[in-house]
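Notes follow once the structure below has been shown.
The values are calculated or read from the model by the stated rules, or taken from the named source; none is laboratory data. As the structure is a prediction and not an experimental result, all values here were calculated from the model. A quick note on method: Cβ atoms are made from the backbone with ideal geometry, for glycine too, and the neighbour counts reach across all protein chains shown.
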Amino acid sequence: MLAAALLAGCGSQPTRMGSAAIVGDHAIPLDTVEERFDTVLRSRPRMRQQLENEQRTDELASRIAGFTVRQELAERAARRRNLRVTDEEVTEWINDQGGPKEAMRGTIFATDQARSVGRSLLLMRKLGSSTLPGASVRFDYTSATTRADARRKAELMARGPERAKELVEQDSSSGVSAATGRTLRAARNPRLAVGTPLFAAEPGTTLAFRLPGRDATRWMVARVTERDVRSEDTDSDRRVREQLARGFGVQLLGLTAQREGVEISPRYGVWDPVGVNTAPDEDQTRGFRIPPRSDAV
C-alpha cells in the first residue's frame with residue numbers, strides 16, 4: 001500500500017502497536033490515518049509529486065493524524081456539552097461551500113471525506129459559539145523572551161500559588177510585565193481568546209505560549225486560578241463571527257485533551273498541548289501546558 005511505504009520513513013514504531021494515537025481510552029487505528037493519506041495522494045497527483053520532491057510526505061501524514069485527533073476530541077467535547085450536528089446541517093454546510101469538491105479544496109482531505117470533515121468543523125464552531133459569550137478566566141502571569149526562560153518560569157509557577165506569586169512579584173519589581181489576579185472575558189477579547197489557550201485550562205494549570213499579533217516574540221507564562229463558563233440567554237451565533245467561533249472551539253479542544261489525555265505515535269511527531277495539533281518534536285510545540293499538581297503548595 002502506498003501509505004505503508006511512504007509512512008515508513010516518518011519515524012519509529014507506534015507507541016502502541018497498530019495505533020496512530022490514543023485519546024483517553026480510545027485508540028485511533030493506524031489504518032484510519034493511512035487510508036486518508038492514501039486517498040488524498042491518489043486524488044491529488046500534483047500534491048503528491050510536490051510533496052515527494054520536497055520530501056514532505058511525512059508532514060502531510062502528521063497533519064492528517066493531528067486533525068483526526070481533533071475530530072475525536074470534538075466528539076468528546078460535544079458530548080460533554082450536549083451539542084450535536086445533524087446530517088441536514090452537514091449537507092447545508094457542504095452546499096454553502098459549493099459542493100464536496102469545493103468544500104475540500106485547499107484542505108488536506110479528499111472529496112469523499114467532506115461529510116466527516118464538515119461535521120467536525122461544525123462541532124468545533126458550535127463548541128466555540130456556545131462557550132465564548134460566557135467564558136471568563138482569572139490568572140497570574142509573567143513574561144519571558146525565550147523558550148527556555150518560558151519553560152523555567154512555567155515550572156516555577158506550576159509549583160503552586162505561593163511560588164507563582166513570588167515569581168510574579170520578583171519579575172514585576174524588575175520591570176517585567178507581570179501581575180496577579182488578572183481577569184479576562186472571552187467575549188470582550190475574542191481575538192485573544194482564539195489566539196491563546198488561556199480559556200481552555202483547568203484551574204491550577206500553568207501555560208506558556210507566545211502572544212499573538214505584534215507581541216509574537218514575547219512569551220506569556222500564566223497560572224490559571226479560576227475558570228468559569230456561564231450560560232447566557234443569547235443567540236451566540238449572531239454575536240460571534242463564524243471564523244472566531246470555530247477558532248475558539250479548536251482552542252477549547254485543548255481542555256478536552258488535558259482531561260482525556262492524548263498520546264501520538266512517534267511516527268507523526270509529538271502532541272502539542274498548546275497548538276492542539278501534532279508537532280515535529282518537543283522543541284517545536286507552540287508552548288507548554290503543565291496540569292495541576294496534587295503536591296503544589
Does region 65-74 contain any residue that is charged (D, E, K, R) and within 21 Å of V276 (Cα to Cα)? yes
Condition first: closer than 21 Å to Q251 by Cα and in contact (Cβ under 8 Å) with a residue 12 or more places away in the chain. Can you find one or more residues in region 95-108 that meet it? yes
Against the definition (within 30 Å of R46 (Cα to Cα), of a type in the set (A, V, I, L, M) and in a helix (DSSP H, G or I)), how does A65 come out, yes or no? yes
Say we look at region 75-99 and pick out the residues that are over 12 Å from G118 (Cα atoms), touching a helix residue (DSSP H, G or I) at 6+ places or on another chain (Cβ under 6 Å) and not basic (K, R); which of these is surrounded by the most Cβ atoms within 10 Å (Cβ to Cβ)? A77
Test D25 against the stated conditions and say whether it is surrounded by 14 or more Cβ atoms within 10 Å (Cβ to Cβ), of a type outside the set (S, T, N, Q) and either free of Cβ contacts under 8 Å to residues at least 40 places away in the same chain or over 18 Å from F67 (Cβ atoms) (or both). no
Could we say that I94 is at pLDDT 95 or above and either among the β-branched types (V, I, T) or out of contact with any Gly (no Cβ under 7 Å at 6 or more places or on another chain) (or both) here? yes
Would you mind stating whether V69 is buried (at least 18 other Cβ atoms within 10 Å of the Cβ), more than 14 Å from the chain's Cα centre (by Cα) and at pLDDT 95 or above? no
Given the condition in contact with a His (Cβ under 8 Å, 6 or more places away or on another chain) and either touching a residue at least 24 places away in the same chain (Cβ under 8 Å) or not aliphatic (A, V, I, L, M) (or both), answer yes or no: does some residue in region 66-85 qualify? yes
How about region 33-62: which of its residues are at pLDDT 90 or above, farther than 20 Å from K101 by Cβ and surrounded by 18 or more Cβ atoms within 10 Å (Cβ to Cβ)? V33, E34, T57, D58, A61, S62
Which members of region 246-285 meet the condition of being in a loop (DSSP other than H, G, I, E, B), farther than 30 Å from R84 by Cα and not small (G, A, S)? P280, D281, T285
